[in-house]
1. Checking R168 against (1) touching a helix residue (DSSP H, G or I) at 6+ places or on another chain (Cβ under 8 Å); (2) more than 30 Å from N129 (Cα to Cα); (3) surrounded by 15 or more Cβ atoms within 10 Å (Cβ to Cβ), which single condition isn't satisfied?
2. Looking at Y55, is it hydroxyl-bearing (S, T, Y), assigned by TED's automatic domain parsing to the domain that holds E106, in a loop (DSSP other than H, G, I, E, B) and under 20 Å from the mean Cα position of the chain (by Cα)?
3. Restricting to the range 1-22, what's the tally of residues that are assigned to a loop (DSSP other than H, G, I, E, B) and surrounded by fewer than 10 Cβ atoms within 10 Å (Cβ to Cβ)?
4. For L110, state whether it is touching an Asp or Glu at 6+ places or on another chain (Cβ under 9 Å) and either within 15 Å of Q12 (Cα to Cα) or touching a residue at least 60 places away in the same chain (Cβ under 8 Å) (or both).
5. Only one of T234, T245 is modelled with pLDDT under 90 and at negative phi; which?
6. Looking at (1) over 13 Å from S182 (Cβ atoms); (2) part of a loop (DSSP other than H, G, I, E, B); (3) modelled with pLDDT of 95 or more; (4) not charged (D, E, K, R), which is the only condition S26 fails?
7. Mind counting the residues in the range 29-52 that are part of a strand (DSSP E or B), over 27 Å from S177 (Cβ atoms) and free of Cβ contacts under 8 Å to residues at least 60 places away in the same chain?
8. Condition first: under 16 Å from R38 (Cβ atoms) and surrounded by fewer than 10 Cβ atoms within 10 Å (Cβ to Cβ). Now tell me which residues in the range 224-237 satisfy that.
Amino acid sequence: MTHVTYRGVLSQTEPTKSLLHGFRRSVGRNSAGRITMRHKGGGHKRLYRDVDFLYNKRDIPARITSVEYDPNRSAFIGLAIYKDGEKRYVVLPKSVKPGSSFIVSEKAELNPGNRLPLKNIPVGTFVYNIEIKPQGGAKIGRSAGIFAQVVANAEGYTNLKMPSTEIRKINENCWASVGVVSNEEYHLQNFGKAGRSRWKGIRPTVRGTAMNPVDHPYGGGEGRQGRGIKRPKTKWGKVTGGRKTRTPKKYSNIFIVSHRRKSGKKE
């Protein structure tokens, strides 16, 4: 079992009450209460930290006063106190510590945490908390240790190389934060036991080959069996290996300059 090292990183254990509220997790259910994503449910009760992804306070400097754990996301969050006294939680970049400051401005310097439009960010810079539409709030690059890289600026668009290796065009008037998201050790941890997965809200996954024929296409047989069919498929018979799943006429196809690398295939 391995853990993320919190000692020496987190500066506060109790969250700010004014930015907390209760919420009900979907645990794999849709609005009708039906399971649409298996293997989710249970887990420790969580309070929701109201994290700011809109960043609509422009040209007002803010100071980070704490680095905190957020059970609802992989990255660390920090309490930002703006010069006018307002408090907000923000996702922190890797090198920012209590006492650091940042600003949301078109003329901001290229320091970790500062936020500015993509058209003002030079090629080669690492960015996170990226908008897809102007004033739409940060949608891309919010997970621990993640960043996108500015590849080019031309014709009203900025080309970004995503963590998936996809290169995508985004409107140059969208905003992004400079830096790499904190808690880069997150993906190295090993839960180590089944109970820790249950605390996280992850339920057991049963192999199809361990089921009966009525429950799965791979089910049945005496002893261990191969899957017996050419292509892998889901419990409901949908092909999962080798079939393209992206919608052919998806609206964002025109913004993709280079598709992500597929694992196991040479292109």
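1. Single failed check for R168: (2).
2. Values: hydroxyl-bearing (S, T, Y): yes; assigned by TED's automatic domain parsing to the domain that holds E106: yes; in a loop (DSSP other than H, G, I, E, B): yes; under 20 Å from the mean Cα position of the chain (by Cα): yes.
Here the answer is yes, as Y55 does meet what is asked.
3. If we filter the range 1-22 for residues that are assigned to a loop (DSSP other than H, G, I, E, B), which is where we start, we get 1-16.
Now narrow it down to the ones that are surrounded by fewer than 10 Cβ atoms within 10 Å (Cβ to Cβ): 1, 7-8, 13-14.
So the answer is 5.
4. On the way: touching an Asp or Glu at 6+ places or on another chain (Cβ under 9 Å): no; either within 15 Å of Q12 (Cα to Cα) or touching a residue at least 60 places away in the same chain (Cβ under 8 Å) (or both): yes.
No.
5. Numbers: T234 fails: modelled with pLDDT under 90.
Testing whether each residue is modelled with pLDDT under 90 and at negative phi leaves just T245.
6. (3)
7. First, the residues of the range 29-52 that are part of a strand (DSSP E or B): 29, 35, 40, 47-49, 51.
Adding the requirement that they be over 27 Å from S177 (Cβ atoms) leaves 29, 35, 40.
Narrowing the set further to residues that are free of Cβ contacts under 8 Å to residues at least 60 places away in the same chain leaves 29, 35.
Residues meeting the conditions: 2.
8. Of the range 224-237, the ones under 16 Å from R38 (Cβ atoms) are 233-237.
The answer is W236, G237.
The values are calculated or read from the model by the stated rules, or taken from the named source; none is laboratory data. The structure displayed is predicted, hence computed values, not measured ones. Note that we place each Cβ from the backbone using ideal geometry, even for glycine, and neighbour counts take in every protein chain shown.
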